[in-house]
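One structure is given here, and the rest of the page talks about it.
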Ligand SMILES: [Cu+2]
């Protein structure tokens, strides 16, 4: 029997789900392919509208009112402790990193902006600075870094110290002016030590780490609170690339889960106390290659859509609930090209009655018990990056395939049609030069995937 369940709806979801949610991890946990994808995304953001430059210019122009010709103008930094009514430091940078991450996820929904733990990873020769990772930007973008030349990175004890501050405004001030934030900016040097610091890609990894610390602080104390209810750039008037950026009340984002952002550490991501809302995108995708635990208030309400994907293990714990009428899928992809499609919850049986961990094999599609709905809409592209050929795996036969390969300027380089295949292999890609390409896959007339691939 051909399985065609859910294909059309899912196709639309996949195609329009340009942005994912985010499980941010230590950059040291990234796979090689993920590092390449992140590097490419930075380069791509600088082509065309250049969000990176816009961020640097904006951050510089509104850095601090003391530096501005108009001292009444609102600003981003150093308002504490004297002007608590102007403070937006944590929230502004949370929104900023999210803006860049969303733009990257339009290029590749699997990208999350990783963090750099500046208190434990302090070598000037650490993998962070290798030429095939962030090292290359120093010359490519004329950043004039001077690693370790000025100031020091924070001691772990200094992180502990700032995190133990219980008053939010004191905490924010101590973080902003202290070694955990100030240290990395100065230690990296060059652009990072100037008001145009968002021009250096490492800026986003530093602020991802600071955002993680803020989230841990807020999880513990639940007392982040701003006097301001608006933020420059995010006040509903700023236009970038023809789009007005929505306004954000800093008090609405004191929990990173508002943006569907979670932080993983030491090979574990815990997704709890989160309700899938599909506000930012129709399908919420959570990817982390190590263990993902979802439970304790992770809810997929009716008619909402969520997908969790790991290369190793997903545990659905007590408190996880996917309501009847929701679409929840979970995938283990071990990177061998064998993508195991597993459980999809569409039932009224609470998952917490099923034991921990879920026995994924019990939910293979061929079993398809009446209360588990199977969706098999994903196309797996393997390998990526590729060298000689790339294989597209659909897990079921489809009558018509139409596959197109574009370069990043939108030029179509390859076009192929197939009939009655469950997977197809493109040998033509061996002729492509090294670089990033877009593969668009149309099945039975529906565009079901538009993904970046890398030739290397
Ligand atoms: Cu800043």
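A few points about this structure:
- Relative contact order, percent, segment 24-221 [alpha-carbon distance under 8 Å, six or more residues apart]: 27 percent
- Label point at residue 57 placed 7 Å out along Cα→Cβ; residues across segment 82-119 whose backbone nitrogen lies under 20 Å: 96-97, 99-101, 103-104
- Going from the residue with the fewest nearby Cβ atoms within 10 Å to the one with the most, 177, 228, 233 rank 177, 228, 233.
- Three-way shape call for segment 380-455 based on the alpha-carbon gyration tensor, with the a/c threshold at 1.5: prolate
- Per residue, the average separation of C-alpha pairs within less than 8 Å and at least 6 apart gives segment 380-455 a relative contact order of 34 percent.
- Under 19 Å from the residue 142 label point (7 Å along Cα→beta-carbon), backbone N, segment 193-226: 193-202
- Extending 7 Å from the Cα toward the beta-carbon at both residue 275 and residue 130 defines two label points whose distance is 4.4 nm.
- Ranking of 87, 151 by count of other Cβ atoms within 10 Å, fewest first: 151, 87
- For segment 407-456 versus segment 86-107, the spacing of their alpha-carbon centroids is 32 Å.
- Each of 207, 182 was scored by other Cβ atoms within 10 Å of its Cβ. Listed from fewest to most, they are 182, 207.
- For segment 199-288: rounded, prolate or oblate by the Cα gyration tensor [a/c cutoff 1.5]: rounded
- FRET efficiency estimate (nearest 0.05) - Cβ-Cβ, residue 225 to residue 47, R0 41 angstrom: 0.55
None of the figures in this text is laboratory data; all of them are computed from the coordinates on show. Because the structure is a prediction, the values reported are computed rather than measured. With ideal geometry, Cβ positions are generated from the backbone for all residues, glycine too; neighbour counts draw on all protein chains shown.
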